[in-house]
Amino acid sequence: MKTQGFNAHTKYRILQHALKGNNISKTCELFGISRTTFYNWKAAYQKFGIAGLENKEPKKPKMPNKVSKTIERDILAYVEKYPEDGPRRIYYELKSEGINVGETGIYNVLKRNNLSKKEQRIEYSKNRTLSNRTNRSLYKKIPKFIDVEKRYPGYLVIQRIDFMGTFDGIGRIYQYCFYDTTSKWAEVKLYNRKQDIDIWHYFEVKLVYLLDTFNLTIENLVTEREREFLPYFVKGDKHNSIIEEYNINHLFISSDETDIFNGIREFNEFLVKEFYNKILINEKLDSFIKVENRINSFMREYNFTNVISEGPNEGKTPAEAVLDRAIENGTDLDTLPLWLLALINSPRRGVKDE
């Protein structure tokens, strides 16, 4: 007898029969079901009651590699602009735009359109005339949603990755930077190998802690769209889970499309002048670990002692600007860590951050 033929009521009676007779094997033999089926029914009943015994409609098989016509047009539009990129690079670029399609699906589209080889894609791009180019643009998301009148910590935050150079005795240095455009608060994480870059882990461990401490939120997070480092922002599922959990409006935007990156560029110039150029003349900084420890101290000094030279928080330190926002949000200062209050009350430096 096929088990699919049993309705919920019959399954329940079979379970009761086994319970009363205290013999599961004989019950299974009598009704022609396996012990595995019996225990599956039992577990479903214990968890969901009689509803758990209802026969479920068979699920339609998922076809993860099937690509819609709309996404196929997006893939072809990308190939037209960047013909040298293969499926993996296309995957990262589309993922940054919230387009969920796997590498295999992308490859299938390329193969179906005779574009699986680089030479074919280059020829395809050459043959496409300007008049035929799609009006759909994945690469022009200028942030019109940003209200320039809103100037408070957490409203607009910029993040980017930079290769800072190769230093004798230290090796390569890659820098992830997180910069709040209003308070000028910044956080920096260094990596000495490209494959070690994991910005969302740092975001979760370090930056979420600061948000919770100051009772702040991030409303708009803009990631500078750099082709070299884009994969490190979209790989894995951490990116989406953090953005959704903290309700952050997140966009990838190319730096040549807007001037909102001016602040973080100026901050990086400040770092090069005041920190990286001095590595070369500091004999004590002879390893990556020592440089990493020094940048942590440098950033703490920057956030708590450097004075903002312009804007709505002129005359304050980044930490003071953030603290003012925390107070506006109803944060009880008595709940802040003592070390944090001590740093906020540190003597200011005359050095301006911009």
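The values are calculated or read from the model by the stated rules, or taken from the named source; none is laboratory data. Computed from a predicted structure; not experimentally measured. Cβ coordinates were reconstructed from backbone atoms using ideal geometry, including for glycine residues, and neighbour counts include every protein chain displayed.
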Handout entry: Lone qualifier among Gln120, Gln46 - being in a helix (DSSP H, G or I), at pLDDT below 85 and among the polar types (S, T, N, Q)
Key = Gln46
Exercise for the section: All but one of (1) closer than 28 Å to Gln195 by Cα; (2) surrounded by 14 or more Cβ atoms within 10 Å (Cβ to Cβ); (3) polar (S, T, N, Q); (4) in contact with a Phe, Trp or Tyr (Cβ under 9 Å, 6 or more places away or on another chain) hold for Thr317, so report the exception by its number. Expected result: (1)
Handout entry: Out of Val222, Val188, Val208, sole residue that is outside the structural domain of Ile99 (by TED's automatic domain parsing), aliphatic (A, V, I, L, M) and within 23 Å of Tyr276 (Cα to Cα)
Key = Val188
Exercise for the section: Kindly provide the set of residues from region 254-285 that are out of contact with any helix residue (DSSP H, G or I) (no Cβ under 7 Å at 6 or more places or on another chain), closer than 21 Å to Gly165 by Cα, of a type in the set (Val, Ile, Thr) and modelled with pLDDT under 90, ordered by number. Expected result: Ile281
Exercise for the section: Determine whether region 208-222 contains at least one residue that is modelled with pLDDT under 90 and over 26 Å from Asp147 (Cβ atoms). Expected result: yes
Fill in the blank from the handout: With the first residue restricted to region 243-260 and required to be within 21 Å of Arg227 (Cβ to Cβ), and the second required to be among the acidic types (Asp, Glu) and outside any helix (DSSP H, G or I), Cβ contacts under 6 Å at 6 or more apart or on different chains are Ser255/Glu224
Practice task
Can you confirm whether region 191-206 contains a residue that is within 16 Å of the chain's Cα centre (by Cα), in a helix (DSSP H, G or I), modelled with pLDDT under 90 and crowded, with 20+ Cβ neighbours inside 10 Å?
Solution key: yes
Practice task
Please go through region 325-334 and pick out each residue that is in contact with a Phe, Trp or Tyr (Cβ under 9 Å, 6 or more places away or on another chain) and either assigned to a helix (DSSP H, G or I) or not polar (S, T, N, Q) (or both).
Solution key: Arg325, Ala326, Glu328
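Every residue, every condition in (1) closer than 12 Å to Arg160 by Cα; (2) in contact with a helix residue (DSSP H, G or I) (Cβ under 7 Å, 6 or more places away or on another chain); (3) part of a helix (DSSP H, G or I), yes or no:
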{"site": "Asp212", "(1), (2), (3)": "no, no, yes"}
{"site": "Thr217", "(1), (2), (3)": "no, yes, no"}
{"site": "Thr223", "(1), (2), (3)": "yes, yes, no"}
{"site": "Glu226", "(1), (2), (3)": "yes, no, no"}
{"site": "Phe233", "(1), (2), (3)": "yes, yes, yes"}
{"site": "Asn240", "(1), (2), (3)": "no, no, yes"}
{"site": "Ile243", "(1), (2), (3)": "no, no, yes"}
{"site": "Asn247", "(1), (2), (3)": "no, no, no"}
{"site": "Phe252", "(1), (2), (3)": "yes, yes, no"}
Completion exercise
When every residue in region 76-85 that is crowded, with 17+ Cβ neighbours inside 10 Å and not aliphatic (A, V, I, L, M) is compared, the one nearest to Glu228 (Cα to Cα) is Asp85
Completion exercise
Within region 100-114, of all residues that are in a loop (DSSP other than H, G, I, E, B) and in contact with a helix residue (DSSP H, G or I) (Cβ under 6 Å, 6 or more places away or on another chain), the one farthest from Thr70 (Cα to Cα) is Asn114
Practice task
For Asn282, work out the one condition from (1) exposed (fewer than 11 other Cβ atoms within 10 Å of the Cβ); (2) part of a loop (DSSP other than H, G, I, E, B) it doesn't fulfil.
Solution key: (1)
